[in-house]
1. Take residue B:86 and decide whether it is at pLDDT 95 or above, under 23 Å from the mean Cα position of the chain (by Cα), assigned to a strand (DSSP E or B) and buried (at least 24 other Cβ atoms within 10 Å of the Cβ).
2. Quick check, is residue B:193 of a type outside the set (Gly, Ala, Ser) and closer than 18 Å to residue B:60 by Cα?
3. Please specify each residue of region B:215-236 satisfying the condition of being within 11 Å of the ligand (Cβ to nearest atom) and surrounded by fewer than 19 Cβ atoms within 10 Å (Cβ to Cβ).
4. Please give the strands (runs of 3 or more DSSP E) falling wholly within region B:92-163 in which 1 or more residues are under 20 Å from residue B:352 (Cβ atoms) and in contact with a strand residue (DSSP E or B) (Cβ under 6 Å, 6 or more places away or on another chain).
5. Just checking, how many residues over region A:80-113 are under 16 Å from residue A:58 (Cα atoms) and either of a type in the set (D, E, K, R) or within 14 Å of chain B (Cβ to nearest Cβ) (or both)?
6. Could you tell me whether residue B:212 is touching a residue at least 24 places away in the same chain (Cβ under 8 Å) and within 13 Å of the ligand (Cβ to nearest atom)?
7. How many of the residues making up region B:273-301 are buried (at least 17 other Cβ atoms within 10 Å of the Cβ) and over 23 Å from residue B:343 (Cβ atoms)?
8. Could you pull out the residue among B:187, B:244 that is among the polar types (S, T, N, Q), at pLDDT 95 or above and closer than 25 Å to residue B:355 by Cβ?
Amino acid sequence: MAYSDKVLDHYENPRNVGAMDKNDTAVGTGMVGAPACGDVMKLQIKVNDAGVIEDAKFKTYGCGSAIASSSLLTEWVKGKTLEEAGAIKNTQIAEELALPPVKIHCSVLAEDAIKAAIDDFRKKGGKTPDAAQESA
Amino acid sequence: MSTIQLPIYLDYSATTPVDERVAEKMAGFMTRSGCFGNPASRSHSFGWTAEKAVETAREQVASLVGADPREIIWTSGATEADNLAIKGAAHFYQKKGRHIVTLKTEHKAVLDPCRQLEREGFEVTYLDPEPSGLLDLNKLEAALREDTILVSIMHVNNEIGVIQDLEAIGNLTRARGIVFHVDAAQSAGKIPLNLSALPVDLASFSAHKIYGPKGVGALYVSRKPRVRLEAQMHGGGHERGLRSGTLATHQIVGMGEAFRIAGEEMDAEAARVLELRDRLWNGLDAMEEVYLNGDLEHRVAGNLNVSFNFVEGESLIMALKDIAVSSGSACTSSSLEPSYVLRALGRDDELAHSSIRFSIGRYTTAEEIDYTVELVKAAVNKLRELSPLWEMYQEGIDLKSVEWVAH
Ligand SMILES: Cc1ncc(COP(=O)(O)O)c(C=O)c1O
């Protein structure tokens, strides 16, 4: 399968790989996908008091397009408000990376991941780290 | 390392380069300065010399597999040989019964003709192999019925390289008068095969898996006991009516030469390839969470099929762009489905997804293997750094207990 230059670039030099403390109340964690389906994305955002995403990290088990989709997304969400980040559409990701039709699901997964991370952050906002644990 | 040419070819089970000796021989059977005649032309020397070349090749192929030359039928490859054997035998013997037994890990060239026969009203039992990839003879015996007319079990599996016990299987079928077909595309020239001493009735061969050209193969049709087939290709009545069509002299000569060379060099080559395979496995097995797919003992020398837990197969192939390997079978790697062969062994989808088949051959060097080991280690480590599953594994989380949001 031929990959676009942008996919290859993100795959070879993935941005923002890593993990943040999922018990930190400023951190929202979204984990989507399933190993049996061939892709799992974990996306984490760190949100400041103004509701702006200060930092984002990801880890992805999946094909090159899945890795690129999540890597790109971490770049995009940094500096955005939760509303702005939650409005990112999979089609924008697919277009930017020139994903072929069989890889569109990777961009869908990335959209799901940021939504799940935002949800997680909102759900545990202000709560103690302990109470937030099960959602991680 | 600087002498290594990239990418490194480690996909000899998909196909092999034509041996230079073979190519040279073939070149003499195409142009007007060579022998271009139609082997079926009976009225002039052009035809006679072509026929002679075809018959020499038939002897060469027969000799490698312990057959009588009269038992070899030329085809366009193992796919056609499988089709002719399975559909041909089923159609010929359908008055005796309409039940066929095969294995879930067969090549598509066997499974698809079986599916077609099912559409025609035949009944097919697809046996599960053991987790090792080998067939449990008790399960085979239990599946045989009064109306079973055909059993098709491959010799060497193309994905995992495991070798089935043809003698034991054939003893079961022969005692019951059931036709036994063997897809031997991956075994001919790699392990000894003496059909005259085996209870095998039909066997399929391909030239391009053993340094011959693509597009030519053969079907062995036993004479003692005599096995009958219904032709699938009708026309001028070539190959004793079993397979019409002008014989592709240059291809056939190439197959003959490839099989002749294999006969001479097989023992030494298999030993050398095995050493390289062990070197590769020892290198890879030093990593954590690496699983071998298929039995190690009953396995052809050139094949190593390995799953790397917590990394995904397609991204791994991408990271391994300097080596030409396949994830599952070459025929299926354009789809996103995990290998049906590994699934049939009972491998988790995750492990099936992350499998790589390395196949080693005539031109592989120790340097290439060492380079490959380092490359794979670096790629797997990089992808594991990226993998949330690896992170969870490191934290001691049982991935089976996690409720995944499937999509
Ligand atoms: C076991 C097996 N059977 C059949 C085939 C098909 O052979 P051919 O390409 O000659 O049609 C192959 C190779 O793809 C194979 O590995």
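The values are calculated or read from the model by the stated rules, or taken from the named source; none is laboratory data. Keep in mind that this is a model prediction, so the values were computed, not measured. So basically every Cβ, Gly included, is an ideal-geometry build from the backbone, and we count neighbours across all protein chains shown.
1. no
2. Here the answer is yes, as residue B:193 does meet what is asked.
3. Listed by number, the list holds a single entry, B:215.
4. Values: elements: B:99-103, B:123-127, B:148-152.
Filter on region B:92-163 gives B:99-103, B:123-127.
5. From region A:80-113, those under 16 Å from residue A:58 (Cα atoms) are A:85, A:93, A:106-113; that's our starting set.
From the residues that got through so far, the ones that are either of a type in the set (D, E, K, R) or within 14 Å of chain B (Cβ to nearest Cβ) (or both) too are A:106-113.
Of the residues in region A:80-113, 8 are under 16 Å from residue A:58 (Cα atoms) and either of a type in the set (D, E, K, R) or within 14 Å of chain B (Cβ to nearest Cβ) (or both).
6. yes
7. So the answer is 5.
8. B:187
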